[in-house]
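Quick notes on the structure that follows.
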Amino acid sequence: MTQSVSAAVLQAARSLATRQELGGASMADIAAEAGVTRVTLYRRGETRPAILAALREELAREERDLLVPIVLGDGDARGRLSALLTALCEITDSRIDVLAGLDDVTLNAIYHEPGEGSLTRSEFIDPLVRLLRDGAVDGTLRSLADPLETATALYTQVTCSYTHLRREHGWSAERATLQVVDLAEHGVRA
């Protein structure tokens, strides 16, 4: 768990991201958006890394709350994977403006493990890893050499493709979900 960041500061970060301003925002900009002074942010330990960590935790918690019941649900791994990928499109849609407004540096700080050739952070891909492993056991999904790497590829394929189709192509949520989930599922079916 990271340092506490106030709800107002977290909302300010989301608002700035939605307007595509978070990447270049100074601490004074974040403070002004939150309705506090920059000194207040520093006094409370609400630094840029702490704010990004809090945003990461919030996004991961939202996903975990939605996806874990699917992972632990009934049915074979292939069926649960389909439901999970559909839900991942749904949650991506709910935060699409925030995600589209994050510059590469900020997006990487939230979603990627540090370092060259890194994977997506475990808090985002663990549900996929679990289903990929379950599917290898129950025979509904291919056995994979590296489920962590495949989960990173799947997570990125689904969230980035969905976001692009919705924002850049103007596709409906239903159309984008159908296409993205179908292609992702075919890549791992047994």
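Only the coordinates and a few stated rules stand behind these numbers; no lab work does. The structure displayed is predicted, hence computed values, not measured ones.
Some observations on this one:
- Against the set (i) 11.6; (ii) 9.5; (iii) 11.1, the structure's computed mean projected area of the Cα convex hull in nm² falls on (iii).
- Residue of Glu46, Glu90, Glu58 that the Gaussian network model of the chain assigns the largest fluctuation, springs spanning Cα pairs under 10 Å: Glu58
- The chain: angle of helix 147-167 to the longest principal axis, Cα-based, in degrees nearest 10: 70 degrees
- As a length-normalised measure over Cα pairs under 8 Å and 6 or more apart, the relative contact order of segment 137-190 settles at 53 percent.
- Using alpha-carbon coordinates, inclination of helix 122-138 to the longest axis of the chain, degrees: 10 degrees
- Mean residue ellipticity, 222 nm, helices only, the chain: the sum of -39500 (n - 2.57) across DSSP H runs of n ≥ 4, divided by residue count and rounded to 500, is -22500 deg cm²/dmol.
- As a length-normalised measure over Cα pairs under 8 Å and 6 or more apart, the relative contact order of the chain settles at 22 percent.
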